[in-house]
Amino acid sequence: MLRLGSLKLGRLYRYVKLAVLGSLAAALVLNTHSLLASLQRNELSERRFLQLNKCPACWGTSWCRKFLNGQLRLESWGRLRLLDFFNVKNVYFARYGEPREGSRRVVLKRLGSAQELADIDTKICRRATGRGRCDLLQALPATEFASLNGDVRLLTPGAVEGWSDLVHCPSQRLLDRLVRRYAETKDSGSFLLRNLKDSERMQLLITLAFNPEPLVLQSFPSDEGWPFAKYLGACGRMVAVNYVGEELWSYFNAPWEKRVDLAWQLMEIAEQLTNNDFEFALYLLDVSFDNFAVGPRDGKVIIVDAENVLVADKRLIRQNKPENWDVWYESKFDDCDKEACLSFSKEILCARVTVDHNYYAICQNLLSRHATWRGTSGGLLHDPPAEIAKDGRLEALLDECANPKKRYGRFQAAKELREYLAQLSNNVR
């Protein structure tokens with residue numbers, strides 16, 4: 001009976017898949033004229049497609065001249081709006097051209113699904129008018145996003161704490177950094193909020209509340225060695241970032257030597273985000289193979305999805321000395337049956353100086369035998385060469401890093417794992 005049921009489900013899945021493909025093919029045939037038109041025109045130069053009319057309830061305008069002048073064009077199938085049904089995350093690939101530099105690939109993000117973006121508008125309208133629909137430009141001044149307009153000097157923790165992961169426990173030092181490095185203003189470089197235009201402040205606050213990824217990329221830029229994609233600019237509700245390369249997932253079955261190097265880089269990222277000279281701990285709350293990409297030329301691993309990053313200021317923790325602030329915190333292993341599981345407490349991440357969360361997240365979700373993704377298991381370091389498997393050290397370190405058996409075992413295992421991977425990587429080069 002069980003086998004018969006699974007066969008029926010398999011057939012049903014195939015029928016549904018064929019029906020969807022058939023519907024798509026029919027839609028393509030029936031809309032041939034409009035499809036040809038969409039392939040010929042450049043929607044990235046259209047204010048409506050960019051949702052520029054939503055500003056200042058948008059992400060910025062620093063790249064609008066480039067968009068509206070036609071310097072960006074969607075790549076091939078990205079021009080077909082019928083395929084937006086499959087593009088739930090609203091991520092597009094485009095070509096950006098400069099007269100002197102030639103053309104290069106960039107990634108465009110709306111920073112949310114169509115429903116999530118619509119929910120922003122509804123939220124603004126309800127808070128301002130009590131209705132679900134309204135004129136956004138008239139409604140914004142009555143929301144919290146306009147509460148800091150005028151002569152307000154600083155963006156303070158009390159005003160935005162808890163709005164998103166980035167500011168779950170913000171320090172004044174972090175907020176000054178966000179304002180000073182805000183790229184959607186001509187007056188960047190000043191931490192004084194009052195130096196921004198009212199529209200720029202509202203854009204900053206709405207981005208901070210809805211999806212702070214652009215602010216993470218601006219505040220911890222790749223140009224200074226942080227492992228994030230480079231922020232380029234925004235126009236309306238479209239953000240442009242540098243294209244890094246293929247996602248980490250495409251290297252799951254790469255040669256062993258390559259996977260060892262990638263694993264070492266991932267552990268180095270965990271270390272850098274945890275311990276750095278700036279004394280900001282950046283904790284990755286969402287770790288999966290899709291959130292990292294690899295440069296095709298330099299082979300460098302980069303974080304390409306920074307929406308769920310919690311920043312804790314270690315200087316503030318040492319200053320305030322909350323309960324158990326100086327006690328090392330060990331993250332609890334989460335043996336769930338879902339992909340990319342993580343167990344953590346934001347409150348603890350914000351209150352301890354020494355935390356192993358990033359090592360835990362990388363080991364459990366990407367490297368160890370506990371890592372599962374798209375029907376696979378075994379992690380990035382699956383199927384090691386016979387001599388390494390026989391030695392057993394790699395497996396032991398990965399297990400201790402993911403699910404430690406000794407107190408503070410993960411801290412030591414992560415350190416040894418970084419050293420061992422570096423040794424293996426040097427040996428195979």
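Assorted remarks:
- Of the numbered criteria (1) farther than 22 Å from Thr61 by Cα; (2) open to solvent by 70 Å² or more (accessible area, probe 1.4 Å), the one Asp198 fails is (1).
- Some residue of segment 47-63 being farther than 30 Å from Glu247 by Cα, modelled with pLDDT of 70 or more and out of contact with any helix residue (DSSP H, G or I) (no Cβ under 8 Å at 6 or more places or on another chain): yes
- Put simply, of Ser190, Ser113 the only residue that is touching a helix residue (DSSP H, G or I) at 6+ places or on another chain (Cβ under 8 Å), surrounded by fewer than 20 Cβ atoms within 10 Å (Cβ to Cβ) and among the polar types (S, T, N, Q) is Ser190.
- Matching residues, segment 201-225, being assigned to a loop (DSSP other than H, G, I, E, B) and open to solvent by 10 Å² or more (accessible area, probe 1.4 Å): Pro221, Gly225
- Within segment 146-189, the residues that satisfy the criterion of being more than 19 Å from Gly233 (Cβ to Cβ), over 22 Å from the mean Cα position of the chain (by Cα) and either aliphatic (A, V, I, L, M) or in a loop (DSSP other than H, G, I, E, B) (or both) are Ala146, Ser147, Leu148, Asn149, Gly150, Asp151, Val152, Arg153, Leu154, Leu155, Thr156, Ala159.
- All positions within segment 262-281 that are more than 14 Å from Glu419 (Cα to Cα), touching a residue at least 24 places away in the same chain (Cβ under 8 Å) and not acidic (Asp, Glu): Gln272, Leu273, Thr274, Phe280, Ala281
- Answer residue from segment 385-406, given it is open to solvent by 40 Å² or more (accessible area, probe 1.4 Å) and without any contact (Cβ under 8 Å) to a residue 24 or more places away in the chain and is nearest to Ser343 (Cα to Cα) among those: Lys405
- Look at (1) part of a loop (DSSP other than H, G, I, E, B); (2) open to solvent by less than 80 Å² (accessible area, probe 1.4 Å); (3) at pLDDT below 95 and you find that Leu82 fails only one, number (1).
The values are calculated or read from the model by the stated rules, or taken from the named source; none is laboratory data. Everything numeric in this text was worked out from a predicted model, so none of it was measured. Cβ: placed from backbone, ideal geometry, glycine included. Neighbour counts: every protein chain shown. We work out accessible area using only protein heavy atoms, side chains counted, and drop any ligands, DNA or RNA first. Shrake-Rupley method; radii C 1.70, N 1.55, O 1.52, S 1.80 Å.
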